[in-house]
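Heads up: the structure comes next, in structure tokens.
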Amino acid sequence: MFTTYLVVTLLTATATSSAAVANLIGHDYPKSQADRLHIPHSWIRPLGTLLAAATLGLLTGLAIPPLGTLTAAGLVLYFLGALWAHIRVDDRQLGPWSAYFALSLATLLLSIAHQAH
């Protein structure tokens, strides 16, 4: 069980850090997403900062499990907010969103299960 928890957490941290870097360096993809979802570009860097903090929280959570669980729960909420942003503008392109959400949810569930043992 620990191996699965570790692998999924590391995959989630990798995906989250990739998204954080894209937001923080001003990559075109987050800008195009913001445009499509009618989100101000001024939100891109703060959202990237949240993702970077989440990456650190997930990694720190490997040593301090309650922190990892709280971080994963925060990511689930973050991506539910992202889903709302998609639904709000009737955007059905949810492929990337579903991958990030699934990883975040899996990390949360595995983190809870890991702490229960």
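The values are calculated or read from the model by the stated rules, or taken from the named source; none is laboratory data. It should be emphasised that the depicted structure is a prediction, and the values quoted were computed from it without experimental measurement. Using ideal geometry, Cβ is built from the backbone for each residue, glycine included, and neighbour counts are taken over all protein chains shown. The area values use the complete protein model at the heavy-atom level, side chains included, leaving out ligands, DNA and RNA. Shrake-Rupley method; radii C 1.70, N 1.55, O 1.52, S 1.80 Å.
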Can you give the alpha-carbon Rg of the chain over 2.2 N^0.38 Å, where N counts its residues? 1.07
Any chance you could look up the accessible area of F2 with a 1.4 Å probe, heavy atoms only, rounded to 10 Å²? 100 Å²
Please work out how much accessible surface S42 shows to a 1.4 Å probe, ignoring ligands, DNA and RNA, in Å² rounded to 10. 90 Å²
Please give the peptides 25-32, 74-81, 48-55 ranked by average Cβ packing (other Cβ atoms within 10 Å per residue), highest first, as a rough proxy for protection. 48-55, 74-81, 25-32
When the convex hull of its Cα atoms is projected in every direction, mean area for region 75-117 (nm²): 2.8 nm²
Judged on accessible area alone, 1.4 Å probe, highest first, H41, H117, H86 line up as H117, H41, H86
What's the carbon and sulfur percent of region 1-105's accessible surface, probe 1.4 angstrom, rounded to a whole number? 73 percent
Solvent exposure of the chain as accessible area per residue, Å², 1.4 Å probe: 56 Å²
For the chain, what's the relative contact order in percent, using C-alpha pairs closer than 8 Å and at least 6 residues apart? 32 percent
Compute the acute angle (0 to 90°) between the alpha-carbon long axis of helix 28-37 and the principal axis of greatest extent of the alpha-carbon atoms of the chain; round to the nearest 10°. 70 degrees
